[in-house]
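Colleague: I'd like to ask some things about the structure below.
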Amino acid sequence: MMRTTRCAFLMTAALAFAACDDSDPTGIEPPPPPPGDAAAVIDSDITSNRTLYADTVYTLKGFIKVPAGVTLTIQPGTVIQGDYETLGSSLFVLRGGRIMACGTAEAPIVFTSSQPEGQRRPGDWGGLILVGNGIINRGDPTILEGTGTGASNPEVNYGGGTDNTDSSGELCYVRVEFAGYATAPDAELNSFTFAGVGSGTKAEYLQAMAGLDDHFEWFGGAVNHRYLVSYESGDDHYDASEGYVGRVQHLIAYQSKVLDPRTGAGNVSSDPQGFEIDGCAGANCLDGQDSEPLTQPVFANFTLVGTGPGVVDATSGGHGAVIRRGTAGFWVNGVLARWPKSAISLRDETTAARLAAGQLGLSNIASVENGSLLHTSSFSETLDTAAVDIRTVDATAASIFASLPADPSAADDFDWSLAASADAFISEGGLETFTGELAARAGALVTGTRYLGAADPAGPKWWEGWTIYADN
């Protein structure tokens with residue numbers, strides 16, 4: 001009899017990160033999935049609790065919603081396709097709805113294009129969108145980008161949330177591929193969208209691959225993550241704004257090209273970036289760039305590798321980390337490599353003021369093969385790099401990792417572990433003990449490390465087995 005893998009939770013402080021195992025504390029084995037068909041179509045909202053089984057490939061036709069009070073459960077190994085013919089097909093888990101989707105390294109849950117392998121393109125379908133009751137710093141209503149384009153795609157409001165501990169469910173070992181369709185000009189959907197999603201949501205071991213817009217986007221809220229992978233983004237790999245205060249540890253990003261999207265799916269960015277983090281700007285901000293809550297995330301142990309020179313337009317972009325519009329928060333123990341313009345760009349006076357006030361901090365970061373360490377035409381030079389141990393390392397990106405191929409063709413080509421010959425600053429220059437505001441913000445959820453980057457030299461290769469690398 002098949003045992004259904006579930007997610008158990010390791011509680012730390014007021015919040016848990018999810019860890020998947022296959023134990024059952026009740027001692028009662030659940031029944032096997034029903035025989036089912038080889039394929040099934042989902043073409044209307046999921047209005048009562050439902051389970052998707054691994055023996056069936058499901059195709060989303062349209063903008064499918066999981067409304068309040070409904071739980072969608074997805075078995076490990078299940079494949080869900082966004083229909084290519086029904087433009088923008090997506091899955092929305094709305095405020096009060098829940099998704100329980102925990103795969104395993106051996107059997108990840110995969111959201112992908114309905115096109116066959118070899119014909120898949122960025123923008124083939126929409127994406128996976130979670131909307132919670134978390135707090136944002138824009139007024140109510142705030143309409144989610146990519147919605148409100150017609151009767152089949154009504155507006156989704158994520159403003160007015162009041163609970164940053166809200167739960168939208170569980171995601172672990174989930175992959176989203178070839179997403180990002182634009183439902184309107186310059187309104188592409190993201191691979192993963194977390195709109196006002198609270199810290200009660202469990203979300204780790206997630207990969208986005210070849211999406212047309214941002215791969216991971218947070219609009220406010222406080223959801224926390226571990227173990228995120230982003231390969232070949234159509235825009236930014238990690239994009240947060242509007243009061244996001246979550247904590248994220250162990251992130252990988254890799255960019256080698258400007259993507260070739262599906263015809264008519266939307267515009268690909270000419271300058272994909274690693275981090276693009278905003279406070280608040282534009283309509284409906286409660287107090288301009290000083291709108292509260294401030295965008296104040298913690299990002300720790302990141303390895304973000306860009307294209308190097310001559311591939312993307314680095315006139316206004318091409319940065320490892322763009323921090324702007326009143327952003328606060330902390331970036332620590334990272335590697336930024338091969339970003340053609342700069343490793344770090346602090347963009348404006350308001351953001352510089354956050355740095356001066358101790359609300360923003362960057363420390364223990366290695367810059368490798370970047371156009372420059374700091375973006376010289378911005379406020380980046382207010383950052384005292386020597387005082388916070390941000391250094392340019394005289395090495396190539398390929399030399400500091402166990403395997404970083406010039407022309408990868410499969411996920412197995414990457415080994416993000418540090419090479420034995422890696423510079424000592426990268427292998428031993430991490431911040432191990434957090435103090436002050438960083439310690440307060442990190443809590444028990446993000447811990448210091450001796451090493452820089454996403455991979456613990458003494459730990460498992462956590463990205464292996466469940467991630468992919470594919471052109472089409």
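Colleague: Tell me which of these residue 402 doesn't satisfy, since it passes every other one: (1) surrounded by 19 or more Cβ atoms within 10 Å (Cβ to Cβ); (2) under 20 Å from residue 250 (Cβ atoms); (3) touching a Leu at 6+ places or on another chain (Cβ under 8 Å); (4) not aromatic (Phe, Trp, Tyr).
Modeller: (1)
Colleague: Counting just the residues of segment 120-167 that are assigned to a loop (DSSP other than H, G, I, E, B) and among the hydrophobic types (A, V, I, L, M, F, W, C), which one comes out surrounded by the most Cβ atoms within 10 Å (Cβ to Cβ)?
Modeller: Here the answer is 125.
Colleague: Go through segment 426-447 and report how many residues are in contact with a strand residue (DSSP E or B) (Cβ under 7 Å, 6 or more places away or on another chain) and surrounded by 18 or more Cβ atoms within 10 Å (Cβ to Cβ).
Modeller: 10
Colleague: Being assigned to a strand (DSSP E or B) and either buried (at least 24 other Cβ atoms within 10 Å of the Cβ) or touching a Gly at 6+ places or on another chain (Cβ under 7 Å) (or both): is that true of residue 244 here?
Modeller: Considered against the rule, which asks whether it is assigned to a strand (DSSP E or B) and either buried (at least 24 other Cβ atoms within 10 Å of the Cβ) or touching a Gly at 6+ places or on another chain (Cβ under 7 Å) (or both), residue 244 comes out as no.
Colleague: Here's something else I'd like to know. Which residues, taken from segment 388-398, are of a type in the set (D, E, K, R) and in a loop (DSSP other than H, G, I, E, B)?
Modeller: Answer for segment 388-398, where residues must be of a type in the set (D, E, K, R) and in a loop (DSSP other than H, G, I, E, B): 389, 394.
Colleague: Output the number of the condition that residue 188 fails; it satisfies all remaining conditions of (1) closer than 25 Å to residue 325 by Cα; (2) modelled with pLDDT of 95 or more; (3) buried (at least 24 other Cβ atoms within 10 Å of the Cβ).
Modeller: For residue 188, the exception is condition (2).
Colleague: For segment 204-241, give me each residue that is in a loop (DSSP other than H, G, I, E, B) and either of a type in the set (Val, Ile, Thr) or closer than 16 Å to residue 174 by Cα (or both).
Modeller: If the condition is that a residue be in a loop (DSSP other than H, G, I, E, B) and either of a type in the set (Val, Ile, Thr) or closer than 16 Å to residue 174 by Cα (or both), then 210, 211, 215, 223, 224 are the ones that fit.
Colleague: Now for a different question. Can you tell me which residue in segment 310-328 is nearest to residue 433 (Cα to Cα), limited to those that are of a type outside the set (A, V, I, L, M, F, W, C) and modelled with pLDDT under 95?
Modeller: Filtering segment 310-328 for residues that are of a type outside the set (A, V, I, L, M, F, W, C) and modelled with pLDDT under 95, the one nearest to residue 433 (Cα to Cα) comes out as 318.
Colleague: Turning to a different aspect of this structure: How many residues, within segment 247-295, are outside any loop (DSSP other than H, G, I, E, B), surrounded by fewer than 24 Cβ atoms within 10 Å (Cβ to Cβ) and among the aliphatic types (A, V, I, L, M)?
Modeller: 0
Table: residues versus (1) in contact with a Pro (Cβ under 8 Å, 6 or more places away or on another chain); (2) touching a residue at least 12 places away in the same chain (Cβ under 8 Å); (3) more than 20 Å from residue 257 (Cβ to Cβ).
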site	(1), (2), (3)
286	no, yes, yes
298	no, yes, yes
302	no, yes, yes
312	yes, yes, no
355	no, yes, yes
363	no, yes, yes
367	no, yes, yes
395	no, yes, yes
403	no, yes, no
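Colleague: Here is a check on your reading of the model: is residue 231 over 18 Å from residue 80 (Cα atoms) and either crowded, with 24+ Cβ neighbours inside 10 Å or out of contact with any Leu (no Cβ under 8 Å at 6 or more places or on another chain) (or both)?
Modeller: For residue 231, the condition - over 18 Å from residue 80 (Cα atoms) and either crowded, with 24+ Cβ neighbours inside 10 Å or out of contact with any Leu (no Cβ under 8 Å at 6 or more places or on another chain) (or both) - is met.
Colleague: If I ask for residues that are under 26 Å from residue 247 (Cβ atoms), part of a loop (DSSP other than H, G, I, E, B) and among the charged types (D, E, K, R), which ones from segment 405-451 would you list?
Modeller: 432, 450, listed by residue number.
Colleague: Scanning segment 331-387 for residues that are assigned to a helix (DSSP H, G or I), in contact with a Ser or Thr (Cβ under 8 Å, 6 or more places away or on another chain) and among the polar types (S, T, N, Q), which turns out farthest from residue 404 (Cα to Cα)?
Modeller: Only one residue fits best here, namely 351.
Colleague: Could you say whether any residue in segment 310-322 is closer than 22 Å to residue 349 by Cα, among the aliphatic types (A, V, I, L, M) and not in a loop (DSSP other than H, G, I, E, B)?
Modeller: Checked against the condition, which is being closer than 22 Å to residue 349 by Cα, among the aliphatic types (A, V, I, L, M) and not in a loop (DSSP other than H, G, I, E, B), segment 310-322 yields at least one hit.
Colleague: Hey, can you tell me all the residues within segment 79-119 that are assigned to a loop (DSSP other than H, G, I, E, B), within 21 Å of residue 264 (Cβ to Cβ) and among the polar types (S, T, N, Q)?
Modeller: Listed by number, the residues that qualify are 86, 89, 114, 115, 119.
The values are calculated or read from the model by the stated rules, or taken from the named source; none is laboratory data. For clarity, every value in this text was computed on a predicted model and none was experimentally measured. All Cβ positions, glycine included, derive from the backbone under ideal geometry; neighbour counts span all protein chains shown.
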